[in-house]
Amino acid sequence: LAKAKKAAEKEAKAKKPKPTKKPKPPKPTKKPKATKKPNISCLLECPPLGMESHRVEDDQILASSMSHHGYTALRGRLNISADEDDVYGGAWCADTEEKEHWFQVNTRREVEFTGIITQGRSSDTHDDFVSSYFVAFSNDSRDWTMLHDGYAEWLFYGNVDKDTPVMTEFSYPVVARYIRILPQSWNGSLCMRLEVLGCPLPTSYPTENDVPPTDDLDYRHHNYKEMRQMMKVINEECPNITRIYNIGKSSQGLKMYAMEISDNPGEHETGEPEFRYTAGLHGNEVLGRELLLLLMQFLCKEYNDDNPRVRRLVESIRIHLVPSLNPDAYELAYEMGSEMGNWALGHWTEEGYDIFQNFPDLNSILWGAEDRGWVPRVIPNHHIPIPENFLNGSVAAETKAIISWMERTPFVLGANLQGGEKMVTYPFDMQRPPRGALRETADENLFRWLAMTYAHSHLTMTENHRGSCHTDDVTGGQGIINRASWKPVVGSMNDFSYLHTNCFEISIFLGCDKFPHESELASEWENNREALLAFIEQVHRGIKGVVRDVDGNLLANATVSVEGIKHDVKTAAAGDYWRLLNPGEYRVTARADGYSSQTRLCIVGYDANASPCSFSLTKSNWARIQQIMAQSRKRPRLKSEHLGNQSKAFYKTVSTLHAYETQQQNMQFITMSLLLYILKLH
């Protein structure tokens, strides 16, 4: 510790800016309780009290002053971000005209304080940070005692830049209820963000934020090797319902592992929907990774214990869980550890891509075609093709792997787990030009239901009295928002999933702290467990069925459309389909090349299972004509340049009648007339 202190002093002397203000510290009048010997285990194990995660609430934070409205004490949370208009500042900033400066946290109970983490101001234009400070403690907020090294008040050295968090550990734990940080020198303006480390005493009463775990699971952070080992252990415990596979490799060659959970792993069962949860698009947003590992453990354990709800999920849905889509970046964030990486460390891939925003922009193709009246005649409203040469451009290896996985698996519903906020966002994620214009999906109401299912099943996501992580609550207390109206992005994973595949996907932002301390994982599991299960169950909301011909052959790539909703879906390779819908009555039409379309009235109720709605298609009359002509060894398509006037008239008649067929006219008379005409020609 002495060596570390000397090294820190030497570094600070070299980089420390000249103090602009130096307030006189308060005179210590009462010494709080303290242990006489350093408790090394406590120093290493005491977690953050929750400044960043907002477990420390707004009314527990106080400061001596503020520079102006947007820089109150509430902005002093570690890793808080400023907004674009700077209405909400990126730190607590003091009024430098004041003589004394301090930042105070009230823990509401006695805590064994072991250290603090400090950070400068989040800003693109200012370089503000505190470079040295004192620390004082109190049990009643009136009498304060400065932390002392035995000879003098202990001056701690803080930051040397505005972004990198710096941890300071006290030489011995201090038991108190209040802690104050008293800045002594700073660079630029007096601005700081911070986190407090401390252990609640065993005799203290739990608060409303202390949620005891009820499941016997492994609440730890897992690096790449440990994650792989954990998945292997789960597979060995539940070999009949689990399968480990990888969807591809990262740019550094790490496999992107997935866990399939199903009563028949490794095989798509006709009529059984496919669901996916993914996490780790940004390597430093790690809570989703651990929640999916916990979900794997939970489903395996509860299935073996005959939990009826879990058995229904496993036996009726093919569930895919991918805990890390950006394994390279996670290893970088994991090496720095909880709280010590800044907001951006590990966010991008090794090649510098943000995976979530690295998908083809199909929105512009659809909207441009709609403006020209080309939908659905020229451009379909679903399964829009990927632009030519896109995959040869600036695309991450991880993105290519994800796209290939999405295309070969008939997913129906999915969600990607992210961090840094606490809300659920739904498509469209992109704003339609001109800037500021919003375009709702054809399934706006359904997407809102899906988003609300998760947000309202979560234990704390709709507690809007806390506000959002960085600004006021933008969700209106609902915990959900259209992404384009919040922070629009181009080429998002969610928009691509909706426009290129059958899968409806949303983003779930799990909390303010991207890399929560290990001690918080149990309570986060309790917060999210019901929401994770309830959202999976929504894959059964709507209709399902198969499309086959009159001979019973299943038809792949048939189109299923719902009247009044301009977004269709396609049947999978096995001829089965799923169409997510809210309860109601719908006119549904199935179409396939070479077959006459069929329309049915399908009713979606409030049952736990999807309503069956299958179709049996007959070969179209045009297909019959082509078949007869092929059997008579004639070309199935007539070439007008080789026909006489009579045959040209016939070709024109056939084309006209074929157009009538698409309008569902009675074709029986037409078919007989055409067959007689063909026989007469031969």
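Checking His126, His222 one by one, the residue that is surrounded by 14 or more Cβ atoms within 10 Å (Cβ to Cβ), in a loop (DSSP other than H, G, I, E, B) and in contact with a Pro (Cβ under 9 Å, 6 or more places away or on another chain) is His222 and no other.
Here Gln184 meets the list (1) open to solvent by less than 50 Å² (accessible area, probe 1.4 Å); (2) within 38 Å of the chain's Cα centre (by Cα); (3) not charged (D, E, K, R) almost entirely, failing just condition (2).
Pairs meeting the criteria (first residue in segment 598-623 and outside the structural domain of Pro273 (by the TED database), second residue acidic (Asp, Glu) and open to solvent by 90 Å² or more (accessible area, probe 1.4 Å), beta carbons under 9 Å, at least 6 apart or on different chains) are Thr599/Glu563; Leu601/Glu585; Cys602/Glu585; Ile603/Glu585; Val604/Glu585; Ser620/Asp593; Ala623/Asp593. The residue list Asn582, Asn557 contains one member that is open to solvent by 20 Å² or more (accessible area, probe 1.4 Å), closer than 24 Å to Glu370 by Cβ, modelled with pLDDT of 95 or more and within 26 Å of the chain's Cα centre (by Cα), which is Asn582.
Residues are listed down the side, and each one gets a yes or a no for (1) at pLDDT below 95; (2) in the same structural domain as Val286 (by the TED database); (3) buried (at least 24 other Cβ atoms within 10 Å of the Cβ):
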{"position": "Arg483", "(1), (2), (3)": "no, yes, no"}
{"position": "Val490", "(1), (2), (3)": "no, yes, no"}
{"position": "Met493", "(1), (2), (3)": "no, yes, yes"}
{"position": "Leu510", "(1), (2), (3)": "no, yes, yes"}
{"position": "Lys514", "(1), (2), (3)": "yes, yes, yes"}
{"position": "Glu518", "(1), (2), (3)": "yes, yes, no"}
{"position": "Glu530", "(1), (2), (3)": "no, yes, no"}
{"position": "Leu533", "(1), (2), (3)": "no, yes, no"}
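The C-beta contact set for segment 455-466 (first residue among the hydrophobic types (A, V, I, L, M, F, W, C), second residue modelled with pLDDT of 90 or more and open to solvent by 50 Å² or more (accessible area, probe 1.4 Å), distance under 8 angstrom, 6+ apart or interchain) comprises Ala455/Gln478; Leu459/Glu530; Met461/Lys422.
Conditions (1) under 16 Å from Gly158 (Cβ atoms); (2) in a strand (DSSP E or B); (3) open to solvent by 20 Å² or more (accessible area, probe 1.4 Å), marked per residue:
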{"residue": "Met66", "(1), (2), (3)": "no, no, yes"}
{"residue": "Gly70", "(1), (2), (3)": "no, no, no"}
{"residue": "Ser81", "(1), (2), (3)": "no, no, yes"}
{"residue": "Asp95", "(1), (2), (3)": "no, no, yes"}
{"residue": "Lys99", "(1), (2), (3)": "no, no, yes"}
{"residue": "Val105", "(1), (2), (3)": "no, yes, no"}
{"residue": "Arg108", "(1), (2), (3)": "no, yes, yes"}
{"residue": "Phe113", "(1), (2), (3)": "no, yes, no"}
{"residue": "Ile117", "(1), (2), (3)": "yes, yes, no"}
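Given Ile384, Ile402, which one is in contact with a Gly (Cβ under 9 Å, 6 or more places away or on another chain), among the β-branched types (Val, Ile, Thr) and under 18 Å from Asn494 (Cβ atoms)?
Details: Ile384 fails: in contact with a Gly (Cβ under 9 Å, 6 or more places away or on another chain).
Going through Ile384, Ile402 in turn, the sole match is Ile402.
Within segment 133-172, the residues that satisfy the criterion of being assigned to a loop (DSSP other than H, G, I, E, B) and open to solvent by less than 20 Å² (accessible area, probe 1.4 Å) are Trp144, Leu147, Gly158, Asn159, Pro165.
How about segment 190-199: which of its residues are in a strand (DSSP E or B) and either open to solvent by less than 10 Å² (accessible area, probe 1.4 Å) or at pLDDT 95 or above (or both)? Even if it seems obvious, please write down each step before you answer.
Step one: of segment 190-199, the residues in a strand (DSSP E or B) are 191-199.
Passing the criteria: Cys191, Met192, Arg193, Leu194, Glu195, Val196, Leu197, Gly198.
Looking only at segment 489-510, residues that are of a type in the set (A, V, I, L, M) and assigned to a helix (DSSP H, G or I) come to 2 in all.
Residues are listed down the side, and each one gets a yes or a no for (1) closer than 30 Å to Asp95 by Cβ; (2) open to solvent by 10 Å² or more (accessible area, probe 1.4 Å); (3) in contact with an Asp or Glu (Cβ under 8 Å, 6 or more places away or on another chain):
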residue	(1), (2), (3)
Arg177	yes, yes, yes
Arg180	yes, yes, no
Leu201	no, yes, yes
Asp218	no, yes, no
Glu226	no, yes, no
Glu237	no, yes, no
Gln252	no, yes, yes
Ile261	no, no, no
Glu269	no, yes, no
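For Asp429, the test of being touching a helix residue (DSSP H, G or I) at 6+ places or on another chain (Cβ under 8 Å), without any contact (Cβ under 8 Å) to a residue 12 or more places away in the chain and assigned to a loop (DSSP other than H, G, I, E, B) is failed.
Taking the conditions (1) within 23 Å of the chain's Cα centre (by Cα); (2) more than 20 Å from His567 (Cβ to Cβ) in turn, Asn392 satisfies each one other than (1). Residues that are more than 30 Å from Thr118 (Cβ to Cβ), open to solvent by less than 10 Å² (accessible area, probe 1.4 Å) and in contact with a Leu (Cβ under 8 Å, 6 or more places away or on another chain) do not occur anywhere in segment 328-336.
Taking into account only those residues within segment 585-641 that are in a loop (DSSP other than H, G, I, E, B), within 28 Å of Glu537 (Cα to Cα) and at pLDDT 95 or above, which is most open to solvent (accessible area, probe 1.4 Å)? Walk me through how you get there before you give the answer.
Filtering segment 585-641 for residues in a loop (DSSP other than H, G, I, E, B) gives 592-594, 596-597, 605-610, 613-614, 618, 620, 632-639.
Narrowing further to those that are within 28 Å of Glu537 (Cα to Cα): 605-610, 613-614.
Filter once more, keeping what is at pLDDT 95 or above: 610, 613-614.
Working: Ala610: 15, Cys613: 0, Ser614: 45 Å².
Within segment 585-641, the match that is most open to solvent (accessible area, probe 1.4 Å) is Ser614.
In segment 512-564, which residues are in a helix (DSSP H, G or I) and among the basic types (Lys, Arg)? Even if it seems obvious, please write down each step before you answer.
First, pick out the residues of segment 512-564 that are in a helix (DSSP H, G or I): 518-540.
Once the filter is applied, which keeps residues that are in a helix (DSSP H, G or I) and among the basic types (Lys, Arg), segment 512-564 yields only Arg529.
Being under 27 Å from Ala91 (Cα atoms) and either under 15 Å from the mean Cα position of the chain (by Cα) or of a type outside the set (Lys, Arg) (or both) is a condition met by at least one residue of segment 488-500.
The values are calculated or read from the model by the stated rules, or taken from the named source; none is laboratory data. No experiment lies behind these values; they were computed from the predicted model shown. All Cβ positions, glycine included, derive from the backbone under ideal geometry; neighbour counts span all protein chains shown. Keep in mind that these areas ignore ligands, DNA and RNA; they rest on the heavy atoms of the full protein, side chains included. Shrake-Rupley method; radii C 1.70, N 1.55, O 1.52, S 1.80 Å.
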